Amino acid sequence: MFKKVLIADDIDFNDIAAVQVLEDLEIPEIAYSKYCDDALLKIKRAYKDNEPYELLISDLSFKADCRENTLNSGEELISAVKQLFPEIKIIVFSIEDKSYRIKSLFDKYGINGFVMKGRNSIVELKKAVEVTCQNKQKYLSPDLNYILQDKTVNEIDNYDIQLIKYLSKGVTQENMATAFVEAGITPNSKSTIEKRLNKLKIYFKANNPAHLVAIAKDLGLV
């Protein structure tokens, strides 16, 4: 089992739940941080002292206050940690339920587990820590297992996301090519953009661009 774990979460109640799990697993050293910047500093210091953290359990959302921070979300913290210390294991403990965002955490950052906060948080978090420690498969809350098999999530690429994001910002289909040229996004021909948008509308069964954006937001694509 892990010997040293850091919890990054700005809500005390969530810390209590995570601590209960870690204490049940008899993990001897547990540290906490309410700010992502502080969490990264703790991890850096631990490595410098040759006593590295083996596991980071982090929320995704951190409420802003009067303090200025460099890292303002769990995703930014995870990205920074993975760049500096790729060997550290990471479990996300969050209320996030958007399929695309959750899958991107596995694909982009290689997180080891995702536990959705809810009625079964303690049981699931304990299982996630055990699975991660044993270097088994990635852990995902049972209610979210469909995400890794969801064809919609798997088949949408970054170009599609860019198209939908620009639509959500009010860029019309007629002006999309110009916007893409200015942003250096390729391909940017009107015909290519029209074909891709039509494909997306069919794929998501959207009646129009506004409907497409609404569906994408529900899925967490934008």
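The values are calculated or read from the model by the stated rules, or taken from the named source; none is laboratory data. What you are looking at is a predicted structure, and each value in this text was computed from that prediction instead of being measured. Here the Cβ positions follow ideal geometry from the backbone for every residue, glycine too, while neighbour counts run over all protein chains shown. When the accessible area is computed, the model is the full protein with side chains, heavy atoms only, and any ligands, DNA or RNA have been set aside. Shrake-Rupley method; radii C 1.70, N 1.55, O 1.52, S 1.80 Å.
Against the chain, whose longest principal axis comes from its Cα atoms, helix 74-84 is set at around 70 degrees.
Accessible area per residue for the chain, computed on protein heavy atoms with a 1.4 Å probe, is 54 Å². Taking a ≥ b ≥ c as the square roots of the eigenvalues of the Cα gyration tensor, an a/c ratio below 1.5 marks the range 1-120 as rounded. Largest GNM mean-square fluctuation among Leu60, Leu125, Leu25, using the chain with Cα springs under 10 Å: Leu25. On a 0 to 90 degree scale, rounded to 10, what angle separates helix 121-133 from the longest Cα axis of the chain? Once rounded, one gets 80 degrees. Dividing the mean sequence gap of close Cα pairs (under 8 Å, 6+ apart) by how many residues the range 1-156 holds gives a relative contact order of 21 percent. Ignoring ligands, DNA and RNA, what percent of the accessible area of the chain is carbon or sulfur (1.4 Å)? Accessible surface attributable to carbon and sulfur in the chain totals 49 percent.
Rounded to the nearest whole Å³, what is the per residue volume of the convex hull around the Cα atoms of the chain? Walk me through the intermediate numbers first.
On the way: hull volume 32.2 nm³, N = 222.
Per-residue hull volume (Cα only) is 145 Å³.
Shown are Glu76, Glu96, Glu182, whose ranking by accessible area with a 1.4 Å probe and every protein chain present, most to least, is Glu182, Glu76, Glu96.
Net charge around Asp24, counting only other residues with Cβ within less than 11 Å of its Cβ (Lys, Arg = +1; Asp, Glu = -1)?
Numbers: positive: Lys126; negative: Glu23, Glu26, Glu130.
Once all neighbours under 11 Å are counted, the net charge is -2.
Percent relative contact order of the range 45-112, based on C-alpha pairs within less than 8 angstrom and at least six residues apart? In percent, rounded to a whole number, it is 35.
Specify whether the C-alpha gyration tensor of the range 83-185 places it in the rounded, prolate or oblate class, a ≥ b ≥ c being the square roots of the eigenvalues: rounded for a/c under 1.5, otherwise prolate if a/b is larger than b/c and oblate if not. Show your work: numbers first, answer last.
Details: a/c = 3.06, a/b = 2.19, b/c = 1.39.
Judged from the Cα gyration tensor, the range 83-185 comes out prolate (a/c at least 1.5, a/b above b/c).
For the chain, the longest principal axis of the alpha carbon atoms and the long axis of helix 190-203 meet at an angle near 60°.
Could you rank Lys82, Lys195, Lys48 by how accessible they are, 1.4 Å probe, largest area first? Provide the component values of the computation, followed by the final result.
Details: Lys82 40, Lys195 145, Lys48 170 Å².
I get Lys48, Lys195, Lys82, largest accessible area first.
Students often get this wrong, so check it: of Lys42/Lys82; Lys44/Lys138; Lys44/Lys82; Lys82/Lys165, which have C-alpha atoms separated by over 21 Å? In this structure, Lys44/Lys138; Lys82/Lys165 exceed 21 Å between Cα atoms.
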